[in-house]
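The structure appears below as structure tokens.
Only the coordinates and a few stated rules stand behind these numbers; no lab work does. Bear in mind the structure is a predicted one, so any value in this text is a computation, not a measurement. Neighbour counts run over all protein chains shown; Cβ positions are idealised from the backbone, glycine included.
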Amino acid sequence: MRSHYCGTIDTGFIDQTIELCGWVHRRRDHGGVIFVDLRDRSGLVQVVFDPDRAEIFTQAERIRSEYVLRVEGRVRHRPEGTVNPEMPTGEIEVLATGLEVLNASETPPIQLDEYHADVNEELRLRYRYLDLRRPEMQQRLRTRAQVTSTLRRFLDDQGFLDIETPILTKSTPEGARDYLVPSRVHPGEFYALPQSPQLFKQLLMMSGMDRYYQIARCFRDEDLRADRQPEFTQLDIEASFIDEAELTALMERMIRELFREVLSVELPDPFPRLTYDEAMQRYGSDRPDLRVPLELVDVKDLMQDVDFKVFAGPANDPNGRVAALRVPEGAKLSRKEIDEYTKYVGIFGARGLAYIKVNDWATKGREGLQSPILKNLPDAAVDGVMERTGAVDGDLIFFGADKTRVVNEALGALRVKLGHERGLAEDAWRPVWVVDFPMFERDEKTDRWQALHHPFTAPGEDQLELLASNPGACKSRAYDLVLNGTELGGGSIRIHREEVQRRIFELLQISEEDANDRFGFLLTALKFGCPPHGGIAFGLDRLVMLMTASPSIRDVMAFPKTQAAACPLTGAPAAVDQAQLKELALRLRATS
């Protein structure tokens with residue numbers, strides 16, 4: 001029906017007759033001449049309907065936005081003064097010599113000619129097939145396709161095999177809830193949709209597949225945020241006879257090639273590395289945004305002997321932290337702005353936000369500082385803070401004093417907020433590997449150890465003795481790739497010995513009976529010559545969201561769910577009739 005795509009026509013087609021198909025993006029009537037911007041997935045081209053061709057012109061007078069057209073016409077230069085440098089096809093136009101209306105359209109419930117930020121997202125999702133016609137949405141999905149194509153090509157070239165793993169599997173919940181699927185042929189029993197292909201990809205390594213990858217659909221029934229969905233896509237990777245240095249180096253090459261191919265961006269070579277402890281100490285986060293130069297500075301030792309209990313309490317608590325955050329030229333902040341930042345850190349459990357304004361330290365010393373807490377701090381503490389933070393006249397120093405977790409979360413988030421709001425963040429791509437994670441963390445509610453990543457992550461070879469003596473000090477062979485403050489992917493070297501895996505289950509208080517019931521197939525497989533192996537999984541939706549500067553992953557998925565895990569387009573989830581429930585041996589219980 002067509003000879004070319006709309007967005008591909010340029011001056012090389014002058015005087016050629018072409019055939020185009022697409023939607024009416026805009027229609028304009030200028031003094032008896034009708035102009036239509038015709039749109040398909042490749043872009044826009046201007047079509048001109050001249051009244052000299054009466055039959056075609058009469059048809060053109062009736063067309064409206066989103067009508068579907070087939071146009072035949074001759075390509076010509078746009079008249080002088082009408083060239084549109086903002087459009088790839090802006091130097092030419094198509095003089096219509098034939099027109100066929102393939103379908104009419106009602107007035108769309110959402111505007112498609114340009115992006116309107118105030119359009120209700122639920123309305124956009126209800127009419128997603130219209131929303132996807134918008135050029136920016138088309139571009140995002142084209143970029144997504146290019147991303148997956150580039151990743152596949154790289155991994156294929158490196159000898160990885162694209163292997164599918166089951167969607168219907170066994171429930172082995174490890175944090176987030178599983179989506180359960182009732183079995184008709186096994187009444188009262190359930191499949192689970194996979195939260196990840198983790199165990200299957202490890203089994204593939206035991207099968208001798210050596211290098212595996214999959215663009216896998218995963219499912220988690222969890223609370224949602226801007227970068228979360230109940231069903232999402234990840235690039236899943238596993239390799240045998242490999243250590244963390246080899247695997248992370250290979251993944252770096254892949255990500256560098258991806259950004260070079262898709263965005264024409266050169267990322268650093270190599271990516272910098274931070275240990276987990278260093279990331280938390282300097283940035284308060286294991287997902288540090290390195291575009292922001294601000295850093296947390298420990299001043300705990302300076303506050304242990306002060307009379308100010310707000311500082312002295314955490315300073316003398318083994319689980320406490322007192323940290324300072326210097327803000328260059330922050331002395332300009334008004335009291336109202338400081339109050340807003342104080343309110344912000346309260347979201348993370350901070351009970352306040354102490355500060356010192358450095359007005360004239362250079363000539364007046366302590367008298368040149370301004371703060372309601374100064375009267376509580378001796379000269380030695382003040383001098384130590386000024387020296388350690390490197391503060392100069394015009395700066396402001398914020399303080400966090402509380403449990404370590406609260407200080408890290410509050411000041412870590414504040415440094416990012418301040419960095420971006422005060423123009424301190426670089427306009428750059430800043431990747432970083434975070435390594436040497438703790439193997440376990442203590443759950444305060446249950447007073448039990450939990451795996452920081454998952455229970456199949458291997459401890460360091462020199463850490464095995466700590467499993468019994470001091471689990472909290474045990475480091476894992478895990479690694480996360482972080483880009484501009486967002487975790488792109490995480491992985492680890494896996495446990496490949498049965499006895500180690502059983503020790504981990506025991507430490508996590510998973511009984512032998514429970515371990516055999518939930519993971520017996522894995523434990524059995526580990527007995528039959530399992531090779532050393534490791535892998536990583538990248539959140540594909542999150543990666544594309546970053547690369548397209550989209551506000552949420554919903555904007556890079558064709559048919560996402562809302563933050564309430566609902567689909568306005570289809571009405572899912574929805575009730576089913578009693579006959580279906582009976583066939584599945586299910587009965588619904590009334591909920592209050």
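Taking the highest mean first, how do the peptides 318-327, 346-355 order by number of other beta carbon atoms within 10 angstrom per residue?
Per-residue Cβ counts within 10 Å, averaged per peptide and sorted highest first, yield 318-327, 346-355.
Hey, what angle do you get for helix 244-263 against the long axis of the chain, alpha-carbon based, 0 to 90 degrees rounded to 10?
Result, in degrees: 30.
Using the per-residue mean of other Cβ atoms lying within 10 Å as a proxy for protection, in what order, highest first, do the peptides 399-409, 288-298 fall?
399-409, 288-298
Which shape class applies to the stretch 11-103: rounded if a/c is under 1.5, otherwise prolate when a/b exceeds b/c and oblate if not, where a ≥ b ≥ c are the square roots of the Cα gyration tensor eigenvalues?
Cα axes put the stretch 11-103 in the rounded bin.
Charges at C-beta only: +1 for Lys and Arg, -1 for Asp and Glu. How large is the resulting dipole of the stretch 292-425 about its Cα centre, in Debye rounded to 20?
My answer is approximately 420 debye.
List the aspartates and glutamates whose Cα sits under 16 Å from the Cα of residue 582, skipping any in the same chain fewer than 8 residues away.
Partners found: 189.
Quote the charge dipole size of the stretch 11-103 about the Cα centre in Debye, to the nearest 20; the model charges only the Cβ of Lys and Arg (+1) and of Asp and Glu (-1).
240 debye
Sorting check: for 4-14, 513-523, 180-190, which peptide has the highest mean count of neighbouring beta carbons within 10 Å, and how do the rest follow?
Highest-to-lowest ranking by the protection proxy: 4-14, 513-523, 180-190.
With θ taken as phi - 60° and the coefficients 6.51, -1.76 and 1.60, list the Karplus ³J(HN,Hα) couplings across the stretch 372-385 in order, rounded to whole Hz; mark glycine and proline as x.
x, 9, 4, 5, 9, 10, x, 4, 4, 5, 5, 4, x, 4
Whose amide H sits under 5 Å from the amide H of residue 437, counting only residues 5 or more places off or on another chain, with H placed in the peptide plane?
276, 476, 478
State whether the stretch 168-322 is rounded, prolate or oblate according to the following rule on the C-alpha gyration tensor (a ≥ b ≥ c being the square roots of its eigenvalues): a/c under 1.5 gives rounded; otherwise a/b larger than b/c gives prolate, and the remaining case gives oblate.
The shape class here is oblate.
Two-decimal Rg/Rh of the chain from alpha-carbon positions, Kirkwood Rh?
A ratio of 1.05.
Quick one: pull the percentage of alpha-carbon pairs in the stretch 292-425 with a separation above 26 Å.
14 percent
Would you tally the net charge around residue 458, using a Cβ to Cβ cut-off of less than 14 Å, leaving residue 458 out, and scoring K and R as +1, D and E as -1?
That sum, taken over residues with Cβ under 14 Å, equals -2.
Which listed residue (102, 85, 18) has the Cα farthest towards the positive end of the charge dipole for the chain, taking +1 on Lys and Arg C-beta and -1 on Asp and Glu C-beta about the Cα centre?
102
With bins 10 Å wide starting at 0, give me the P(r) of the stretch 58-184 over every alpha carbon pair, in whole percents.
Result returned by the calculation: 9, 19, 26, 23, 14, 8, 2, 0.
By how many degrees, between 0 and 90 and to the nearest 10, does the Cα long axis of helix 498-507 differ from the longest principal axis of the chain?
The answer is roughly 70 degrees.
Give me the compactness ratio for the stretch 429-491, meaning the Cα radius of gyration over 2.2 N^0.38 Å.
1.24
Over the chain, what is the relative contact order in percent, taking alpha-carbon pairs closer than 8 angstrom and at least six residues apart?
Result for the chain is 13 percent.
Suppose every K and R has +1 on its Cβ and every D and E has -1 on its Cβ; what is the size of the dipole of the stretch 175-219 about the Cα centre, in Debye to the nearest 20?
My answer is approximately 120 debye.
Add -39500 (n - 2.57) for each DSSP H run of 4 or more in the chain, then divide by its residues: what number comes out at 222 nm, to the nearest 500 deg cm²/dmol?
Per the formula, -8500 deg cm²/dmol.
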